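J.: Just passing along the structure, written as structure tokens.
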There are 2 protein chains.
Amino acid sequence: MKIQVLTNVLKANQTIALENRRSFEKNRILVLNLMSSPGAGKTLILERTIEKLKDDFNLAVIEGDVATTNDAERLAKHQIPVVQITTESFGGACHLDANMVKKATEKLDLSWVQILFIENIGNLICPAEFVLGEDKKIIVLSLTEGEDKPSKYPLAFRISDLLLINKIDLLPHVDTDLDVLLQNAQKVNSQLFPIKLSAKTEEGLENWLNWLVKEYQSRFQNNSS
Amino acid sequence: MKIQVLTNVLKANQTIALENRRSFEKNRILVLNLMSSPGAGKTLILERTIEKLKDDFNLAVIEGDVATTNDAERLAKHQIPVVQITTESFGGACHLDANMVKKATEKLDLSWVQILFIENIGNLICPAEFVLGEDKKIIVLSLTEGEDKPSKYPLAFRISDLLLINKIDLLPHVDTDLDVLLQNAQKVNSQLFPIKLSAKTEEGLENWLNWLVKEYQSRFQNNSS
């Protein structure tokens, strides 16, 4: 009974995610779904990314949180459109779903947006089960979380396209073995491309920005007007 | 429909949690439910705790993970009984529930155990909704996660009795404002008692051990044989 309901929920989600997908494609938007544990640094990565790219691209963010609009406020300071979803009103849901994203996109001028970041709820488990209509899934892992996380939370790493290892400025101060972390990620998903960075010091940030720009260009630039 | 099912699930969980509770009380066991984000350091805190207390108390651990038995293996090295629950076989559940704990306790000699630690799945949202039959809920937060987590994930902090702020050895290297963190925790739950520690350097570990021993003694020592 319980599992049947869950199956129905996931099917309904997939249907709406496909509608989102069509709408994003029609409007030629690159859509990225960022997932991580709480406090891995998604918002600071987005702040740095917006600073660097907002003159070249029309950026927007859909910001997911259980409670507060703190992160949306941080991002909105950078003068780009931000729509906040707080899941407290959805029973404290531990992930965004396609319908929440659909509702949020109604508040954006999609014909203007070129890159849409969806910052998912801080959670390494639930968001992995719900497609939103995104082009790529990005998993952000803080170095401080330890090298075993890809093995212990395999689904999120298995379905992701890019692994951002954040807070590498803390490498001298923590026991995490970066090589073992990368090996563990490869074991779970041999296609998962890793980028090491520190949003705080901006070390490695360029690699992420290059990935992003290339991803956009390969999709849209060739045929753009 | 969906919410009705959830209500039934939570009610069924509560019934089994009460059975667990009676069984723990009958056997005079202090039961602690440890919750946190992935990588906050629950397992290392338990390793240190076991080292320090295993000569004075009969300790056991129920270890919850989505996948792998890594943590249970780390703990079992300290020569205490450890039962691993991996929720991959429960559809990758993002929390332990009372029935999983009940099944796990069947593998322990409850008449021998004095303190039972339940290490929940690394997740700051879902575990907060499922009582297990524990005496106290402990929320572990790594300093690296930032000072805003109590505001952003309020339920887990609201229902907890003790806040362990771990990795304080990293204080000089991160931007987290510890005072603001403590204020945010107080705003959500004025009864939440905070202890700062580093499982790595053992700074502050004594305060946690004292809390634990006092908690046990106030419950059982007065009438013990």
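J.: Could you grab the pairs with beta carbons closer than 7 Å, sequence gap of 6+ or different chains, first residue in the stretch A:207-225 and assigned to a helix (DSSP H, G or I) and of a type in the set (S, T, N, Q), second one modelled with pLDDT of 90 or more and surrounded by 15 or more Cβ atoms within 10 Å (Cβ to Cβ)?
T.: A:Asn207/A:Ile195; A:Asn207/A:Leu197
J.: For the stretch B:179-202, indicate whether the set of residues that are modelled with pLDDT of 95 or more, in contact with a helix residue (DSSP H, G or I) (Cβ under 7 Å, 6 or more places away or on another chain), under 19 Å from B:Ile45 (Cβ atoms) and surrounded by fewer than 15 Cβ atoms within 10 Å (Cβ to Cβ) is non-empty.
T.: Within the stretch B:179-202 (the criterion being modelled with pLDDT of 95 or more, in contact with a helix residue (DSSP H, G or I) (Cβ under 7 Å, 6 or more places away or on another chain), under 19 Å from B:Ile45 (Cβ atoms) and surrounded by fewer than 15 Cβ atoms within 10 Å (Cβ to Cβ)), the answer is yes, since at least one residue qualifies.
J.: Would you check if there is a residue in the stretch A:23-46 being within 23 Å of B:Pro38 (Cβ to Cβ), part of a helix (DSSP H, G or I) and away from every other protein chain (no Cβ under 12 Å)? Quick ask: steps written out before the conclusion?
T.: Initially, the stretch A:23-46 is screened for residues within 23 Å of B:Pro38 (Cβ to Cβ), giving A:32-46.
Pick out the ones that are also part of a helix (DSSP H, G or I) and you get A:42-46.
Okay, now just the ones that are also away from every other protein chain (no Cβ under 12 Å), so A:45-46.
Yes, some residue in the stretch A:23-46 is within 23 Å of B:Pro38 (Cβ to Cβ), part of a helix (DSSP H, G or I) and away from every other protein chain (no Cβ under 12 Å).
J.: Does B:Glu215 satisfy being crowded, with 17+ Cβ neighbours inside 10 Å, in contact with a strand residue (DSSP E or B) (Cβ under 9 Å, 6 or more places away or on another chain) and within 22 Å of B:Ile45 (Cα to Cα)?
T.: yes
J.: Also: With the checklist (1) of a type in the set (Asp, Glu); (2) over 14 Å from the mean Cα position of the chain (by Cα); (3) within 14 Å of chain B (Cβ to nearest Cβ) in hand, flag the one item A:Glu129 doesn't pass.
T.: Going through the list (1) of a type in the set (Asp, Glu); (2) over 14 Å from the mean Cα position of the chain (by Cα); (3) within 14 Å of chain B (Cβ to nearest Cβ), A:Glu129 breaks only (2).
J.: Also: Given the criterion farther than 25 Å from A:Pro172 by Cα and modelled with pLDDT under 95, identify the matching residue among B:Glu134, B:Glu129.
T.: Every option except B:Glu129 fails the conditions.
J.: Which residues, taken from the stretch B:47-70, are closer than 16 Å to B:Ala199 by Cβ and part of a helix (DSSP H, G or I)?
T.: B:Glu47, B:Arg48, B:Thr49, B:Ile50, B:Glu51, B:Lys52, B:Leu53
J.: Given the criteria away from chain A (no Cβ under 11 Å), under 17 Å from the mean Cα position of the chain (by Cα) and within 28 Å of B:Lys214 (Cα to Cα), does B:Asp161 qualify? Spell out how you get there, then give the answer.
T.: On the way: away from chain A (no Cβ under 11 Å): yes; under 17 Å from the mean Cα position of the chain (by Cα): yes; within 28 Å of B:Lys214 (Cα to Cα): yes.
Criteria met by B:Asp161.
J.: Working only within the stretch A:147-172, note down all residues that are small (Gly, Ala, Ser) and surrounded by 24 or more Cβ atoms within 10 Å (Cβ to Cβ).
T.: A:Ala156, A:Ser160
J.: I'm checking my understanding of the structure. Among residues of the stretch B:84-113 that are under 18 Å from the mean Cα position of the chain (by Cα) and hydroxyl-bearing (Ser, Thr, Tyr), which one is surrounded by the most Cβ atoms within 10 Å (Cβ to Cβ)?
T.: It comes out as B:Thr105.
J.: Kindly indicate whether B:Asn123 is in contact with a strand residue (DSSP E or B) (Cβ under 6 Å, 6 or more places away or on another chain) and of a type outside the set (Val, Ile, Thr). Break it down stepwise before answering.
T.: Numbers: in contact with a strand residue (DSSP E or B) (Cβ under 6 Å, 6 or more places away or on another chain): no; of a type outside the set (Val, Ile, Thr): yes.
No, not satisfied.
J.: Looking at the structure I just gave you, is A:Gly146 on the phi > 0 side of the Ramachandran plot, at the interface with another protein chain (Cβ under 10 Å from one of its Cβ atoms) and not aliphatic (A, V, I, L, M)?
T.: On the way: on the phi > 0 side of the Ramachandran plot: yes; at the interface with another protein chain (Cβ under 10 Å from one of its Cβ atoms): yes; not aliphatic (A, V, I, L, M): yes.
Yes: the conditions hold for A:Gly146.
J.: On the given criteria, is A:Leu124 without any contact (Cβ under 8 Å) to a residue 40 or more places away in the chain, within 10 Å of chain B (Cβ to nearest Cβ) and either out of contact with any Gly (no Cβ under 7 Å at 6 or more places or on another chain) or over 14 Å from A:Leu32 (Cα atoms) (or both)?
T.: no
J.: Follow-up question, since we're still on this one. Would you check which residues across the stretch A:164-182 are within 13 Å of chain B (Cβ to nearest Cβ), assigned to a helix (DSSP H, G or I) and touching a residue at least 24 places away in the same chain (Cβ under 8 Å) and list them? I'd like the intermediate steps shown before the answer.
T.: First, the residues of the stretch A:164-182 that are within 13 Å of chain B (Cβ to nearest Cβ): A:165-176, A:180-181.
Retained after the next criterion (residues that are assigned to a helix (DSSP H, G or I)): A:168-173, A:180-181.
If the condition is that a residue be within 13 Å of chain B (Cβ to nearest Cβ), assigned to a helix (DSSP H, G or I) and touching a residue at least 24 places away in the same chain (Cβ under 8 Å), then A:Ile168, A:Asp169, A:Leu170, A:Leu171, A:Val180, A:Leu181 are the ones that fit.
Conditions (1) surrounded by fewer than 16 Cβ atoms within 10 Å (Cβ to Cβ); (2) within 14 Å of another protein chain (Cβ to nearest Cβ); (3) in contact (Cβ under 8 Å) with a residue 24 or more places away in the chain, marked per residue:
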{"residue": "A:Arg21", "(1), (2), (3)": "no, no, yes"}
{"residue": "A:Asp55", "(1), (2), (3)": "yes, no, no"}
{"residue": "A:Asp65", "(1), (2), (3)": "no, yes, yes"}
{"residue": "A:Ala76", "(1), (2), (3)": "no, no, no"}
{"residue": "A:Val82", "(1), (2), (3)": "no, no, no"}
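J.: Something else: So B:Ala185 clears everything in (1) assigned to a helix (DSSP H, G or I); (2) closer than 30 Å to B:Leu59 by Cα; (3) within 11 Å of another protein chain (Cβ to nearest Cβ); (4) not basic (Lys, Arg) except one condition, right? Which one?
T.: (3)
The values are calculated or read from the model by the stated rules, or taken from the named source; none is laboratory data. Just so it is clear, the structure is predicted and the values come from calculations on it, not from any experiment. Ideal geometry is used to build each Cβ from the backbone, glycine not excepted, and the neighbour counts take in all protein chains shown.
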